Amino acid sequence: VYKSFADVKEEADVIIDFSSPIGLKERLEYAKSRKLGIVLASTGFSAEDLAMVKEYSNSVAIFKTANLSLGVNLMQALCKAAAQVLGENYDVEIIERHHNLKKDAPSGTALMLADSLNEGYENPKRYVYGREGIVGARDKSEIGIHAVRGGTIVGEHEVMFAGEDEIITITHSAHSKRVFAVGAIRAAKFLPSCEAGMYEMKDLLAEESV
């Protein structure tokens with residue numbers, strides 16, 4: 001255990017980061033100086049953090065995702081396809097549930113799913129985070145995103161397409177953090193052979209399917 005990345009003496013093949021945005025620059029600088037790839041699985045990054053990650057990707061292989069679960073990444077593809085098929089006839093709401101110690105809201109995965117939905121729409125929608133008071137009728141240009149916090153919930157995400165007289169839901173529940181660890185190991189094995197740049201789960205899956 002070290003107080004700073006600069007104190008680490010052991011040799012490594014790759015960095016796996018599940019921590020937080022705090023100290024991000026130090027981790028990226030360490031990866032750059034040691035010529036190591038880094039798996040960024042943290043969430044809650046600011047626009048400035050993301051810009052810094054993009055800048056470092058010019059010299060570091062960075063695997064960035066808000067969720068390392070294979071199931072969630074499949075859910076992304078399903079949501080995009082559903083948005084393309086259902087279009088403006090269905091209202092879309094995202095509900096995410098996590099344990100009571102999670103610091104950021106909404107979850108990075110919820111935002112990742114919202115971005116995938118917007119990739120499927122001809123006209124991208126704006127994100128509305130919860131609702132309160134007299135907000136008026138729901139607008140077709142919205143994607144509602146709602147965060148629930150309680151107990152020891154590992155992670156649950158639900159995307160609801162509400163149409164006239166029917167509701168379609170796509171859901172994923174993580175019952176153990178093991179699914180994230182398995183994904184992290186797969187990403188860590190993938191990165192050492194990569195050139196500097198930004199990578200995500202679809203790149204890993206494409207490589208594994210060759």
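A short reminder: the numbers here are calculations on the coordinates, not readings from a lab. Remember, it's a predicted structure, so these values are computed and weren't measured experimentally. Reconstructed Cβ throughout: ideal geometry from the backbone, glycine too, with neighbour counts over all protein chains shown.
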Above-threshold pairs, the threshold being 29 Å between Cα atoms, out of LYS80/LYS102; LYS9/LYS102; LYS177/LYS202:
LYS9/LYS102
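How much net charge surrounds HIS99 when only other residues with a Cβ under 15 Å from its Cβ are counted (Lys, Arg +1; Asp, Glu -1)? Please report the intermediate quantities before stating the final value.
Values: positive: ARG97, LYS102, LYS103, ARG149, LYS177; negative: GLU96, ASP104, GLU156.
So the surrounding residues net to +2.
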Simple label model, 7 Å out from Cα along Cβ direction - ASN58 to ALA137, nm:
5.0 nm
